[in-house]
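**Q** Input: one structure, supplied below.
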Amino acid sequence: MTSPNPTPPADVPGICYYHPPLTAMLHARDGKVQIAYGDLVVPLLEDDYAALDGGEPSYDAVGRGVYHLLRLNPDLPLAGRYASLLKEAYPHLLAELATHLVMLDKKDVDLPYLDRKINYLKIFALLEPDNHRFPLEIGVTFVEKGLTLAAMGNTTILLYRAETYLRQAFSMNPDDVQVRHQLGEVCYLLGRYGEAAGLWEPILGQIPAEVSEKLSRRIDQIRTGNLPLVPPVDFLQAVGVALEAFEADDFEEASAIILDVIDALGQFDEFPLAEINYMLGLCYVRLEIPRYAEQYLRSALQLRPDFPEAEQELRLLGGV
């Protein structure tokens, strides 16, 4: 008799689902661990599934399939069961996953890496649902992605996703300084200024002086009403529109939008203005206005000295 749960959790490329008999047992850790899994639809890599030939999958085949599936989609139904199976039967794969996570933290910001990092963090969150650090890190990574130039067309969606995880972390540990700081950041970007100030004020004496000074300036701006007329996220979303115009070779439209954004946000030093200035510099490169191009590329490098793309463009202009 096969598993009473015949519905696969998701259609995932490269995965086929095996329906084990109700009596199926997984023999793990040199036979020291026996895990009943007859009630679970088992994901297998296509090659492993093709090699079954009527038999049961091997221990390694089950591990490969579960590991692959979770890394691609840790939000699917049964993900918690699959994660528990990894923990019980494949601790070496979890150790490998943790190593990958550490390596991703050391890489330059890149959208595929950020997506991978989010998925890996979600797997560990499944295993430690009471650990507020995982929703915190997931939220922080969504913010990082939302403030990446290439993703600014989706900034609003990404910040709302960040907010969901950061509020989860806050509900679990409202006294964590980093949680209050990061949730305040998202509230500020979304225009919820009063809530941001309320989150930041209690932690000003618990964070580095430089960060405390920046948050104090923001709080003063909030209390005095010296704020953007619309939520900052709207300006960041506009950069996404400018990016679309740039990719369509409409450099005049792109530059006009970015100039409006820089004028509106220039007094607020917390925004990714290095990337925005770089993009404006590229617009002027394409428009063959080298004086303005050099000006904004230099601004990008002043804001972020480790910006090789801006340095390369400036070199091509003869400005380095």
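**Q** Looking at the structure I just gave you, is TYR90 at pLDDT 95 or above and hydroxyl-bearing (Ser, Thr, Tyr)?
**A** No: the conditions fail for TYR90.
**Q** Taking the condition of a type in the set (Ser, Thr, Tyr) and closer than 25 Å to HIS68 by Cα, does THR99 pass?
**A** When the stated conditions are applied, THR99 passes them.
**Q** Quick one: VAL230 ticks every box in (1) part of a helix (DSSP H, G or I); (2) closer than 30 Å to GLU247 by Cβ; (3) of a type outside the set (Phe, Trp, Tyr) except a single one, so which number is it?
**A** (1)
**Q** Let me ask you something else. Keeping to region 241-261, report how many residues are part of a helix (DSSP H, G or I) and either buried (at least 18 other Cβ atoms within 10 Å of the Cβ) or at positive phi (or both). Please lay out each step first, then the result.
**A** First, the residues of region 241-261 that are part of a helix (DSSP H, G or I): 241-247, 251-261.
Going one step further and asking which of them are either buried (at least 18 other Cβ atoms within 10 Å of the Cβ) or at positive phi (or both), we end up with 242-243, 245-246, 251, 254-255, 257-258, 261.
Looking only at that region, the number is 10.
**Q** Then there is this: Within the bounds of region 187-210, is there any residue that is under 18 Å from LEU149 (Cα atoms) and out of contact with any strand residue (DSSP E or B) (no Cβ under 8 Å at 6 or more places or on another chain)? Quick ask: steps written out before the conclusion?
**A** Going residue by residue through region 187-210, those that are under 18 Å from LEU149 (Cα atoms) are 189-190.
Still in the running and out of contact with any strand residue (DSSP E or B) (no Cβ under 8 Å at 6 or more places or on another chain): 189-190.
Taking every residue of region 187-210 in turn, at least one turns out to be under 18 Å from LEU149 (Cα atoms) and out of contact with any strand residue (DSSP E or B) (no Cβ under 8 Å at 6 or more places or on another chain).
**Q** What is the number of the single condition among (1) under 26 Å from LYS122 (Cα atoms); (2) free of Cβ contacts under 8 Å to residues at least 60 places away in the same chain that PRO9 does not meet?
**A** Single failed check for PRO9: (2).
**Q** Taking region 19-56 as the region of interest, how many residues are surrounded by 14 or more Cβ atoms within 10 Å (Cβ to Cβ), in a strand (DSSP E or B) and touching a residue at least 40 places away in the same chain (Cβ under 8 Å)?
**A** Summing the residues that are surrounded by 14 or more Cβ atoms within 10 Å (Cβ to Cβ), in a strand (DSSP E or B) and touching a residue at least 40 places away in the same chain (Cβ under 8 Å) in region 19-56 gives 3.
**Q** Return the only residue of LEU104, LEU94, LEU76, LEU111 being under 17 Å from LEU121 (Cα atoms) and in contact (Cβ under 8 Å) with a residue 60 or more places away in the chain.
**A** Details: LEU104 fails: in contact (Cβ under 8 Å) with a residue 60 or more places away in the chain; LEU94 fails: in contact (Cβ under 8 Å) with a residue 60 or more places away in the chain; LEU111 fails: in contact (Cβ under 8 Å) with a residue 60 or more places away in the chain.
Exactly one residue qualifies, and that residue is LEU76.
**Q** Mind checking which residues of region 301-315 are at pLDDT 90 or above and either surrounded by 15 or more Cβ atoms within 10 Å (Cβ to Cβ) or of a type in the set (A, V, I, L, M, F, W, C) (or both)?
**A** LEU301, ALA310, GLU311, GLU313, LEU314
**Q** While we're looking at this one, here's another question. Confirm whether SER216 is over 18 Å from THR155 (Cβ atoms) and in the same structural domain as HIS181 (by TED's automatic domain parsing).
**A** Against the criterion (over 18 Å from THR155 (Cβ atoms) and in the same structural domain as HIS181 (by TED's automatic domain parsing)), SER216 qualifies.
**Q** Taking ARG180 as the residue in question, decide whether it is more than 19 Å from PHE124 (Cβ to Cβ) and free of Cβ contacts under 8 Å to residues at least 60 places away in the same chain.
**A** yes
**Q** With the checklist (1) buried (at least 16 other Cβ atoms within 10 Å of the Cβ); (2) of a type outside the set (Asp, Glu); (3) in contact (Cβ under 8 Å) with a residue 12 or more places away in the chain in hand, flag the one item LEU127 doesn't pass.
**A** Here LEU127 meets the rest and fails (1).
**Q** Something else now. Output the residues belonging to region 26-61 that are touching a Ser or Thr at 6+ places or on another chain (Cβ under 9 Å) and under 17 Å from TYR90 (Cα atoms).
**A** Result: ALA36, TYR37, LEU40, VAL42.
**Q** Hey, can you tell me all the residues within region 74-115 that are of a type outside the set (A, V, I, L, M) and buried (at least 18 other Cβ atoms within 10 Å of the Cβ)?
**A** Across region 74-115, the qualifying residues are PRO74, TYR82, TYR90.
**Q** Quick one: which of LEU76, LEU97 is assigned by TED's automatic domain parsing to the domain that holds LEU26, within 30 Å of HIS27 (Cβ to Cβ) and modelled with pLDDT under 95? Steps first, answer last, please.
**A** Values: LEU97 fails: assigned by TED's automatic domain parsing to the domain that holds LEU26.
The conditions single out LEU76.
**Q** To continue, here is another question. Considering only region 263-278, I want to know if a residue exists there that is modelled with pLDDT under 90, out of contact with any helix residue (DSSP H, G or I) (no Cβ under 9 Å at 6 or more places or on another chain) and under 26 Å from GLN221 (Cβ atoms).
**A** Within region 263-278, one or more residues are modelled with pLDDT under 90, out of contact with any helix residue (DSSP H, G or I) (no Cβ under 9 Å at 6 or more places or on another chain) and under 26 Å from GLN221 (Cβ atoms).
The values are calculated or read from the model by the stated rules, or taken from the named source; none is laboratory data. Please read all numbers here as calculations on a predicted model, not as lab measurements. Positions of Cβ are generated from backbone atoms using ideal geometry, with glycine treated the same way; all protein chains shown enter the neighbour counts.
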